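Before any comments, here is the structure.
What follows is calculated from the coordinates using simple rules that are stated; it is not laboratory data. From a predicted model like this one, the values you see are computed outputs, not experimental measurements. All Cβ positions, even for glycine, are placed from backbone atoms using ideal geometry, and neighbour counts span all protein chains on display.
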Amino acid sequence: MPNFISKECKIDRNINILNLHWGFIPGGISKYAGIINKVSSRTGIYMENICIISENWFIDHKTADNINMKYVYIVSRFDFSWIGKVRKIIKNKKPDLILTYGFNGNFVAVVTSLGLGVDIISSWHGKYKGTSLIQRVCSPFVNLLSNFLLIFFVKKIVTVSDYSKKVLIKCFVSKNKIKRIYNGIPPLSDSCFTNNIKLKKQKKILVGTVCRLDSTKNLPAFLKAARIVLNKNPDIGFIIWGDGPLKNDLKKLTKKLKISDSVRFMGYEPNIDENLPLLDIFVLPSVFENFSIALLEAMRAGISIIATSVGGNPEAVFHNKHALLVLPKNPEVLSKAILMLVENRNVRLKIAKSAKKRFKELFTEDKMLLETEKWLISCTRNNT
């Protein structure tokens, strides 16, 4: 068991934390979980990870392997055998805290820990927003139940932005329960730019995004903006990294807009750090964000950024200083922002440099982990 105590955080005993996940799809939450688990190598806080999953579910294997994920397999979402299996794990491990990720994690923790005397703490990444029709219909019920669990069963909550904290308070969650800790990511490795150099050689300017291909990311607006941009400057390339339920629909839209020759769908990329710096302009066209890790990755890479002015984005970057912030669902406005950066190299480089500086000051992995250590220790001390 590790017992490395960071100089800033002093504890007199090891703290055991059981992280509970329901599924582990690639995206911001899986990246967040991967970073949080690095606390184990810095302090006397020891983390174990349990994930309930079905064999046919798509998961972030790279991150899961890095945090030594243990799996509880189920046949389908309607297989409730996980209740007894996870409850047995909690009894055997006797953790000091159970840390959950999202609504499903909270539900699993509450159901399986009843009567066992273990406090539940939660990382909250925003309201549930379904992608399919049935999920959207169920969303209000899911969020109502989520609020109930957070109010009555979860001891402490960490959010990734002040925006998220305000949302929780409006949902009647006590502000005394909530701690805001911004996302942080590690510095770029020296291996960046070693792969896919051919992508850069094909076009003078590359514009791209990294995200899960679902409705919240509003990629149709990105593609429609690309059509407008290409009408005025055909010597620009567009790249989309990621996978998701809307992949086929987006490819069909690309063909309909007649921009297939200029837009490349690269699929899910586990080594995005090595590819993202190839872009000249990063676009985050989302209609909803709590605090985007992809946005931080673009800041770290020193790329000029265009993002929508939603959720926690205006906390991460300021308009005309670290990025251009635009209204969501507006391809015309987005295309004007892209063309402005394409045509003004000095502006493009200036905001990219400013964003990178802001990243180093506020959003590093070390800063996030130190604040998380202090928060976890405070959650445990309240038990003694």
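When the Gaussian network model of the chain links Cα atoms closer than 10 Å, the mean-square fluctuations of 38, 94, 204 top out at 204.
Once you order the gyration tensor axes a ≥ b ≥ c over the Cα atoms, which shape class does the range 61-148 get: rounded for a/c under 1.5, otherwise prolate or oblate by comparing a/b with b/c? Prolate shape, in that a/c is at least 1.5 and a/b is the bigger ratio.
Within the chain, the longest run free of GluC sites (Glu not before Pro) that sit in a DSSP loop with at most 14 other Cβ atoms within 10 Å is 56-384. Once Lys and Arg get +1 and Asp and Glu get -1 on their Cβ, which of 279, 109, 304 lies farthest toward the positive end of the dipole of the chain? The residue sitting farthest along the positive end of the dipole is 304.
Would you mind estimating how fast the chain diffuses translationally, via Stokes-Einstein at 10 °C and 1.306 mPa s with the Kirkwood radius over Cα pairs, in µm²/s? Diffusion coefficient, whole number: 73 µm²/s. Here the dipole of the range 197-362 is about 560 debye; that uses its Cα centre as origin and unit charges on the Cβ of Lys and Arg (positive) and Asp and Glu (negative).
Given the options 58, 80, 288, which has the most mean-square fluctuation in a GNM of the chain, springs set between C-alpha atoms less than 10 angstrom apart? Highest fluctuation of the listed residues: 80.
Kirkwood radius, the range 60-102, all distinct C-alpha pairs, inverse of mean reciprocal distance: 12.3 Å.
Rounded, prolate or oblate: which fits the range 197-362 when a ≥ b ≥ c are the square roots of the eigenvalues of the alpha-carbon gyration tensor, with rounded for a/c under 1.5 and prolate only if a/b beats b/c? Note, shape of the range 197-362 comes out rounded. The charge dipole of the chain, taken about its Cα centre with unit charges on the Cβ atoms of Lys, Arg (+1), Asp and Glu (-1) only, comes to about 680 debye.
Converting phi to 3J(HN,Hα) with the Karplus coefficients 6.51, -1.76 and 1.60 and the offset θ = phi - 60°, the range 231-248 yields 4, 9, 8, x, 8, 10, x, 10, 10, 10, 9, x, 9, x, x, 9, 4, 5 Hz in sequence order, with x at every glycine or proline. Spin-label model, residue 319 to residue 151: label points 7 Å out along the Cα-to-beta-carbon direction sit 3.5 nm apart. With each pseudo-label sitting 7 Å past Cα toward Cβ, what's the residue 357-residue 80 distance in nm, one decimal? Spacing of the two 7 Å Cα→Cβ label points: 5.8 nm. Beta bridges from DSSP with both residues in the chain: antiparallel share about 0 percent, rounded to the nearest 5. Sorting 75, 39 from the fewest to the most surrounding beta carbons within 10 angstrom yields 75, 39.
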